[in-house]
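S.K.: Questions regarding the structure given below will be posed in turn.
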Amino acid sequence: MWQGLFEEALTDLKSDPQPSRADMAIPVLTVRGVAHTHLREYPEAEQALKEATELCGAHLDSGCGEVLQARGLLASEQGDSISAEELYKRTLAFARGHDDHLLESTALLNLGAELLAEGRFDEAFDQSEASYRAAKSIDARVVEPIAQGNTGWSSYRLGDSDKALEIFLAAERRASDLQDYVDQGIWLTDAGYVYMDKRNFPLAEQVFQRALLLEKQVESKENIYNALRVLARLSVQTGNLDNASAYAEQALTVARESHNHVDELYPMLVQGQIAAHRGDAVKARQILETVERDPLSPVFLKWEAQHSLARLYEEEKQTDAADREYRSALATFEAARASVQREDFQLSFLTNAARIYDDYVHFLVAQGKIDEALRWADYSRARTLAEGLGLLSKSSRADIHAAPSALNPREISRKAKSTLLFYWLGEKQSYLWTITPQKASLFPLPPGPDVDSLVERYRRALGSPQDVLESQNEEGRALYRTLIAPAKELLASDAKVIIIPDGSLNNLNFETLVVAEPLPHFWIEDADVANASSLRVLAASLSRYDARGKAQDHARENVQVKKRRLLLIGDSVAPSREYPELPRAAQQMANVAKHFPSAQEQVYRRDQANPAAYAASDPGKFSHIHFVAHGTASRLSPLDSAIVLSKIVLSKEDAGDDSFKLYARDIIRHPLHADLVTISACYGAGERAYSGEGLVGLAWAFLRAGAHNVIAGLWEVTDASTEQLMDRFYDELDKGAAPDAALRAAKLSLLHGGQFRNPFYWAPFQLYTGS
C-alpha cells in the first residue's frame, strides 16, 4: 500500500476470506477502501468503507480511526473538501484520544494535503510541518518524506520556489531509498514545476518523463494524470503544441474516467491556451471563460485563466477587454493573498503574480499609459513592508479593479530633493522611469535575464581582489551604460539619487558602476546614492520625516530639543568557532561611542551584548542604534537572518542553543523611531530578493520596525576597513551631514585613501531609507 502497489494489495487480500472477527475485518475493509480509492474505483471503495463503518458502530476498535481517515480520503478524491476536512479532523481527535502517534502523523498529513487542495497554503504548511515532526518523533520513515514534500508544495504555492525545490529533492531521495515509487514520482513532478518556472525546460522535461514512467510502473492513475497535465503545460511553454494537445487530452480522459470534475479544469486550461496560440480565438475564449467561471475552479487556476484571457484580448487588439481581464486576474490573486496570515509567507506569495504584473505593466506602456504603468509597478513593490507600516490596508487588497491610489512621483522627487530612478526588470522588456521635480521620463531597457547576467558577473568581480577600474572588466561599464546612461541628461552634477531597484538590482551597489569618461571612475564620485523599496514607502517616509522636523523646530522654539540617543551593542563573546571574535570590534565601539555624550548612550558589550539586552533596552527610545557584530543571512528563510551576539547561558542545557542570535523576525516585534540603524556586520542587507519586495533580511526588518534609515552590508565586510569607514561616517554626522551624504563622504575617504580603495572594502554598505 505505501509503495503505491494498490492492485497487488487487493490481490493479497483476496487470497484469504474476510475475517469474521471485527478487529481483523475492520483493517482489511479499510485497506480495500483505500486501495479502491487510489485506483479511482469509487463504488467499490464506498462499499468497503460502509461495511467498516457499520462494524465500528457495533465494535469500538482502535482501527476505527483509520476508517475515518479512509472516508476522508474518499471524500477528497471525489471533490468533497468540506467532508474530507471534517473527517480528517475527527481522525486527528481520535488519534490523540487513543495516543496513536502514527495515526496522528497521517491525519495531519492528509489534513495538510486537503488544505493544499483548497488553496489554504499557509495553513497547509503548518499542518504538513506538524505531520513531519510527529512522524520523525516515532521514526515513521514512510510518512516523513510525504509530509516533507507537502511542506515543499505549500512553499511552492506560497511563491517560495527555492525552499520548495530543496524540500522536493530531499523528499524524492528519501522516497527512492524506501522504494516508494508513487511518492518518488510525485516529488520529481513537483521539482519539475520549479525547473519549468525557472525556464530550465530540458531539465523539467527530463524529470516529468521520469516521474510519468515511475507512476505508470505502479499504475497510479492520480499521479499519471498529474504528470500528463504538467507535461501539457510545459509543451505549451516550449511551443510544441501538438505534444501539448496530446498530453492534455490524455489527462482529460483520466479525469473524466474518474468522474473528478476539478481535475478536468487543468487540462481544459491548457487546451484553451493551445487554441489561443493557434489563433482560434473563439474556441480559446470559450474554454478559458469556462475555467474562469467554474465555481469549483481553484483560485490559482482562475487567475491563470484570467491572465490567459487578458493575453488573448491583447493579441486581438481589444484593449478594454484586455485591461479588464488583467485587473480581474490581479483582483483574484490579491483576494488569495489576503487570506495569507503569516508575514514570511506574505513576502513570497507575490511571486505567484510576477508574470501578471509584468505583462500588465508592459501592456500599459504599449498603450502609452506611462504614469498608470508606473502606478501599477509601484503597487506591486514592498507590499508586505507597506502593509506592516500601515501604508496599505490588507482589507483592500482585492479591491483593485480600479487603479491603485494615485501617486505624485514628481512631488516625491521634490520633497526628497533627489532624482528618482525606478527600475522594472521584465521577462521580455525592462524599463527605467527617471523622475525629477519637473517630469517623469521612461526609458526602455534590455530584458531582465540579460541584466541579471551582467549583475551576477559584476558581483563576482567585486568580490575578488582585482581592481575593476584598472582591469579589463567590462561588466561595470556595461551596467552603467545600461542602467544610468539613458538618464544621464536628467542627472545634475553631483546629483542626489534614490534608486528603487528590482530583481537582481537589489544585490547591486550602483555606486560601483564604472563611468568611462572623461577618465574611468566609479559613479559614487558623480552621485550621492541611497536606496528605497517603493515610491509609496518613500513618500510616507518623507512625510513622517517632515512632520518630525516640524515638531523639532517647534521644540527648539520652546528650548526643548530632542537629544540624540545611542544604543550601541557589540564586541560580543564568541558564541562558537563559527563566529570568532572580531579583533577590531572594541575599537569600533569606542569610536562610535565618542560621538555621543555618555549620558545619552546605552552600551552593551561582551557578555552583556545579547539579544535579550536589545529587547530590554526599549529600543524605540533611541535616535541611533549601532551593532558591531557578525551577521548571517538566510536565503531560504530570510526572517531567520540574524545579528550574532553573545550567548545567553542559563544552564548547561543552553550551551548548544542559538540564544546568541537576534533574528529579523524578533526585530520586527519592537517598534522603532530611530533616525538611523547601522548594522556593522556581514550580509546585513540580506541575500534573498523577493519579487516586488526586494532584499529581505536585517535591513528590511529594521525598516519594518519603523527605523527611518538603515545602513547594512550587501556582502562580507572586513574588520579594519569597516572601523575606519564608520569612524569617518560619524565624524560627518557630527558636522550635520545627512546619513546618505555622511556615508558617501566616508566611502570616498577610503576610495581616495589608497589602502582600501577597492570597492570590496567600501561598497558593501548601503543606505536604505523608507519608514
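The values are calculated or read from the model by the stated rules, or taken from the named source; none is laboratory data. The structure presented is a predicted model; accordingly, all values stated were derived computationally and were not measured. Note that each Cβ is placed from the backbone with ideal geometry, even for glycine, and that neighbours are counted across all protein chains shown. Accessible surface areas use protein heavy atoms only, side chains included; no ligands, DNA or RNA. Shrake-Rupley method; radii C 1.70, N 1.55, O 1.52, S 1.80 Å.
The rows are residues; the columns are (1) modelled with pLDDT of 90 or more; (2) in a helix (DSSP H, G or I); (3) buried (at least 23 other Cβ atoms within 10 Å of the Cβ).
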{"position": "Ser464", "(1), (2), (3)": "no, no, no"}
{"position": "Ser504", "(1), (2), (3)": "no, yes, no"}
{"position": "Glu517", "(1), (2), (3)": "no, no, no"}
{"position": "Asp528", "(1), (2), (3)": "yes, no, no"}
{"position": "Ala539", "(1), (2), (3)": "no, yes, no"}
{"position": "Tyr545", "(1), (2), (3)": "no, yes, no"}
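S.K.: Which condition from (1) closer than 29 Å to Gly63 by Cα; (2) buried (at least 20 other Cβ atoms within 10 Å of the Cβ) is the one that His101 breaks?
M.R.: It is condition (2) that His101 fails.
S.K.: Please go through region 201-224 and give me each residue that is among the hydrophobic types (A, V, I, L, M, F, W, C) and over 14 Å from Phe168 (Cβ atoms), ordered by number.
M.R.: First pass over region 201-224, keeping only residues among the hydrophobic types (A, V, I, L, M, F, W, C): 201, 203-204, 207-208, 211-214, 218, 224.
Those that are among the hydrophobic types (A, V, I, L, M, F, W, C) and over 14 Å from Phe168 (Cβ atoms): Phe201, Leu212, Leu213, Leu214, Val218, Ile224.
S.K.: Condition first: modelled with pLDDT under 85 and of a type outside the set (Val, Ile, Thr). Now tell me which residues in region 133-156 satisfy that. Give the steps one after another, and end with the answer.
M.R.: In the first step, residues of region 133-156 are kept if they are modelled with pLDDT under 85; the result is 141-142, 145.
Passing the criteria: Arg141, Pro145.
S.K.: Give all pairs with beta carbons closer than 7 Å in which a residue from region 242-253 that is assigned to a helix (DSSP H, G or I) meets a residue that is open to solvent by less than 60 Å² (accessible area, probe 1.4 Å) and of a type in the set (D, E, K, R); count only pairs at least 6 apart in sequence or on separate chains.
M.R.: Short answer, once both residue conditions are applied: Ala251/Arg229; Leu252/Glu264.
S.K.: If you don't mind, another one. Could you check region 66-90 and list, in sequence order, the residues that are free of Cβ contacts under 8 Å to residues at least 40 places away in the same chain, over 17 Å from Ser258 (Cα atoms), among the hydrophobic types (A, V, I, L, M, F, W, C) and surrounded by 20 or more Cβ atoms within 10 Å (Cβ to Cβ)?
M.R.: If the condition is that a residue be free of Cβ contacts under 8 Å to residues at least 40 places away in the same chain, over 17 Å from Ser258 (Cα atoms), among the hydrophobic types (A, V, I, L, M, F, W, C) and surrounded by 20 or more Cβ atoms within 10 Å (Cβ to Cβ), then Leu68, Ala84, Leu87 are the ones that fit.
S.K.: Cβ-Cβ under 8 Å, sequence separation 6+ or interchain: first residue in region 172-190 and under 14 Å from Gly4 (Cβ atoms) and open to solvent by 20 Å² or more (accessible area, probe 1.4 Å), partner at pLDDT below 85 and β-branched (Val, Ile, Thr). Which pairs?
M.R.: Pairs found: Leu178/Val142; Tyr181/Val218.
S.K.: Another one. With the condition kept exactly as written, say whether any residue in region 250-264 is within 19 Å of Thr189 (Cα to Cα), open to solvent by 60 Å² or more (accessible area, probe 1.4 Å) and not small (Gly, Ala, Ser).
M.R.: yes
S.K.: Condition first: more than 28 Å from the chain's Cα centre (by Cα), surrounded by fewer than 20 Cβ atoms within 10 Å (Cβ to Cβ), within 30 Å of Trp2 (Cα to Cα) and of a type in the set (Val, Ile, Thr). Can you find one or more residues in region 223-232 that meet it?
M.R.: no
S.K.: Take the residues in region 27-64 that are in contact (Cβ under 8 Å) with a residue 40 or more places away in the chain and small (Gly, Ala, Ser), then tell me which one is nearest to His259 (Cα to Cα).
M.R.: Ranking the qualifying residues of region 27-64, first place goes to Gly33.
S.K.: Continuing with the same structure: Just to verify a result, which residue in region 10-21, among those that are surrounded by fewer than 17 Cβ atoms within 10 Å (Cβ to Cβ) and in a helix (DSSP H, G or I), is modelled with the lowest pLDDT?
M.R.: Residues of region 10-21 that are surrounded by fewer than 17 Cβ atoms within 10 Å (Cβ to Cβ), as a first pass: 11-21.
Cutting the leftovers down to in a helix (DSSP H, G or I) gives us 11-14.
On the way: Thr11: 90, Asp12: 89, Leu13: 86, Lys14: 82.
It comes out as Lys14.
S.K.: Any chance you could count how many residues in region 481-502 are of a type in the set (Gly, Ala, Ser) and either in a loop (DSSP other than H, G, I, E, B) or touching a Cys at 6+ places or on another chain (Cβ under 9 Å) (or both)?
M.R.: 2
S.K.: Let me ask something additional. Show the residue pairs meeting these rules: Cβ distance below 9 Å; 6+ apart or different chains; first residue within region 127-152 and farther than 20 Å from Ile186 by Cα; second residue open to solvent by less than 10 Å² (accessible area, probe 1.4 Å) and charged (D, E, K, R).
M.R.: Once the first residue is farther than 20 Å from Ile186 by Cα and sits in region 127-152, its partners that are open to solvent by less than 10 Å² (accessible area, probe 1.4 Å) and charged (D, E, K, R) give Lys136/Glu144.
S.K.: Going through region 113-171 one residue at a time, which ones are within 18 Å of the chain's Cα centre (by Cα), over 23 Å from Val262 (Cα atoms) and open to solvent by less than 20 Å² (accessible area, probe 1.4 Å)?
M.R.: Selection gives Asp160, Ala164, Phe168.
S.K.: Among the listed residues Asp452, Asp467, which satisfies the condition of being more than 29 Å from the chain's Cα centre (by Cα), farther than 15 Å from Pro486 by Cα and touching a residue at least 40 places away in the same chain (Cβ under 8 Å)?
M.R.: On the way: Asp452 fails: more than 29 Å from the chain's Cα centre (by Cα).
Answer to the selection: Asp467.
S.K.: What strands (runs of 3 or more DSSP E), lying completely within region 660-753, carry at least 2 residues that are farther than 28 Å from Asn352 by Cβ and modelled with pLDDT of 85 or more?
M.R.: 661-663, 676-680, 709-713
S.K.: Let me ask something else about it. In region 342-377, what count of residues is obtained for those that are of a type in the set (Val, Ile, Thr) and within 18 Å of the chain's Cα centre (by Cα)?
M.R.: 2
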